[in-house]
Amino acid sequence: MNENPERIIPERLIAEIHGATNIVLLTHSHPDGDALGSLFAFADILDTLGKNVFCFLEEPVSYHYDFLPDTKRANTSLEAFRQFVIEAGEDIAMVGLDCGDDERLGKSKTEFLKIEPFLVIDHHRSHRAFGTISWVDSCRSSTGEMIYELAQALGAPISYNCAYNLYVAICTDTGSFRYECTTPRTMHIAADLLVKGVRPEEVGSHLYDKYSIERLKLMEMVLATITLCSHDQIAFMHVSSKMLKESGATIQDVEGFVDLPRSLHSVKVAVLLKETGNGLIAVSMRAKGQCDVAAVAKEFDGGGHRNAAGFRCHGKTIDQVQLEVGDALSRSLS
Ligand SMILES: [Mn+2]
C-alpha cells in the first residue's frame with residue numbers, strides 16, 4: 001500500500017500525536033459525513049491512547065448526522081476551547097481534518113492556526129498547504145480511510161463506535177462505494193469495520209431514509225429548475241432563498257440534491273447553485289468520468305476533488321454564475 005512516498009504517514013505527525021497530552025480536533029465548516037465521522041472516530045482513538053480531547057465545531061451537528069455515535073462530545077463554545085488551551089499550556093496539538101485549505105477552518109481560523117503544532121490530515125486534490133505538519137493523500141477515498149490507517153500506525157484499537165463513525169465517513173465520501181476513489185484498500189478497511197460490528201443496512205437507513213416532507217417539497221421546486229447545456233452534458237439546478245422559505249425546508253435539506261441531475265444518462269457534470277444569504281451563492285459540481293471539476297473550481301477560487309468540487313461567489317445573480325460556470329465547464333469538456 002505504501003509504495004508511493006506521499007502515502008506514508010509522516011513520522012513527525014505520529015510523534016507529535018504521541019507526544020501531546022491535550023489534542024484539539026477541528027474540521028471544515030458545514031461538515032459532511034467524512035468530516036464528522038473522522039472527527040468523532042479520531043476522538044475515540046485518542047481516548048484509548050489516554051489523551052484529553054476537545055472536539056470543536058462551529059455549529060451544532062446537523063440533523064442528517066445526529067445519529068452518529070459521540071456527537072454529544074462536539075463543543076461549539078469558543079470560550080470552552082480557549083479554556084482548554086489555557087489549561088493545556090505547552091502540552092497541546094491541534095489537528096485539522098478533511099480541510100482542503102485553511103479558509104475552511106471557519107471564522108476562528110486565525111486563532112486556531114496560532115497554536116502549534118498544527119497537524120493536517122486531508123485527501124482533497126486541490127489541497128493548499130497550511131499548518132505545521134501535513135499528511136495529504138489525494139489517492140484516499142476519504143479522511144475516514146486515513147484515520148483508520150493512522151489508528152493502526154498509532155497502535156490504537158478501533159472500538160465499535162469508532163468503526164461506525166469511520167464507516168459513515170468512508171460510505172458518504174465514496175457515494176456508498178460507487179465513486180472512482182473507491183480502491184481495494186477502501187473495501188478492505190470497510191470489511192474490517194463490518195467485522196467490528198457495523199451493520200451497513202443500519203447506517204444506510206440513517207443516511208438515506210429519514211428525510212422530512214419539507215425536503216421533498218423543496219426537491220420538487222429545485223427539480224423544476226433543471227436546465228441542460230453543452231449537448232446535454234452539463235446540468236444546472238438551483239435553490240433560491242424563496243424556495244427554502246416556501247417549502248419550509250432548511251439549507252441542510254439541500255444535501256444530496258446535486259446527485260439528482262448527475263444521474264441523467266447524458267450528463268457528465270451536474271451543477272447546483274445555492275443562495276446562502278448575504279448575496280452569497282454556493283456552487284457544487286459533481287462529475288462523472290474524465291472531467292476534472294476541481295480544476296474548474298480553482299478558476300473560481302474554490303477547490304475539491306476531481307469528481308466533486310465547489311466554490312462560493314459574492315455579488316452575482318444565479319444566471320450570471322450559471323453562464324460563467326457553463327463556459328468554464330464547456331471548455332473543460334471539449
Ligand atoms: Mn472528505
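The values are calculated or read from the model by the stated rules, or taken from the named source; none is laboratory data. What you see is a predicted model, and the numbers here were worked out from it, not measured in a lab. All Cβ positions, even for glycine, are placed from backbone atoms using ideal geometry, and neighbour counts span all protein chains on display.
Some observations on this one:
Conditions (1) at pLDDT below 95; (2) of a type in the set (D, E, K, R); (3) more than 26 Å from Leu36 (Cα to Cα); (4) touching a Ser or Thr at 6+ places or on another chain (Cβ under 9 Å), marked per residue:
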site: Tyr211; (1), (2), (3), (4): yes, no, no, no
site: Thr225; (1), (2), (3), (4): no, no, yes, yes
site: Ser247; (1), (2), (3), (4): no, no, yes, no
site: Ser266; (1), (2), (3), (4): no, no, yes, no
site: Leu272; (1), (2), (3), (4): no, no, no, yes
site: Asn278; (1), (2), (3), (4): yes, no, yes, no
site: Val283; (1), (2), (3), (4): no, no, no, no
site: Cys291; (1), (2), (3), (4): yes, no, yes, yes
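- Qualifying residue in the stretch 84-101 (condition: free of Cβ contacts under 8 Å to residues at least 12 places away in the same chain, in contact with a helix residue (DSSP H, G or I) (Cβ under 9 Å, 6 or more places away or on another chain) and not hydroxyl-bearing (Ser, Thr, Tyr)): no
- Looking across the stretch 101-157 at every residue that is hydroxyl-bearing (Ser, Thr, Tyr) and under 26 Å from Val85 (Cα atoms), the one that is surrounded by the most Cβ atoms within 10 Å (Cβ to Cβ) is identified as Thr143.
- Scanning the stretch 37-75 for residues that are charged (D, E, K, R) and touching a Cys at 6+ places or on another chain (Cβ under 7 Å) yields Asp44, Arg73.
- Filtering Ser38, Ser77, Ser108, Ser62 for residues that are of a type in the set (Ser, Thr, Tyr) and within 19 Å of Glu149 (Cα to Cα) leaves a single hit, Ser38.
- In the stretch 100-143, the residues that are away from the ligand (no atom under 16 Å from the Cβ) and β-branched (Val, Ile, Thr): Thr110, Ile115, Thr132, Ile133
- Of all residues making up the stretch 144-189, the number that are within 15 Å of the ligand (Cβ to nearest atom) and either under 23 Å from Thr71 (Cα atoms) or not charged (D, E, K, R) (or both): 26
- Within the stretch 161-184, the set of residues being in contact (Cβ under 8 Å) with a residue 60 or more places away in the chain, part of a helix (DSSP H, G or I) and surrounded by fewer than 20 Cβ atoms within 10 Å (Cβ to Cβ) comprises Asn161 only.
- Residues of the stretch 38-71 classified as small (Gly, Ala, Ser), in contact (Cβ under 8 Å) with a residue 60 or more places away in the chain and out of contact with any Leu (no Cβ under 6 Å at 6 or more places or on another chain), total: 1
- Identity of the residue in the stretch 259-302, small (Gly, Ala, Ser) and part of a loop (DSSP other than H, G, I, E, B), that ends up farthest from Leu218 (Cα to Cα): Gly289
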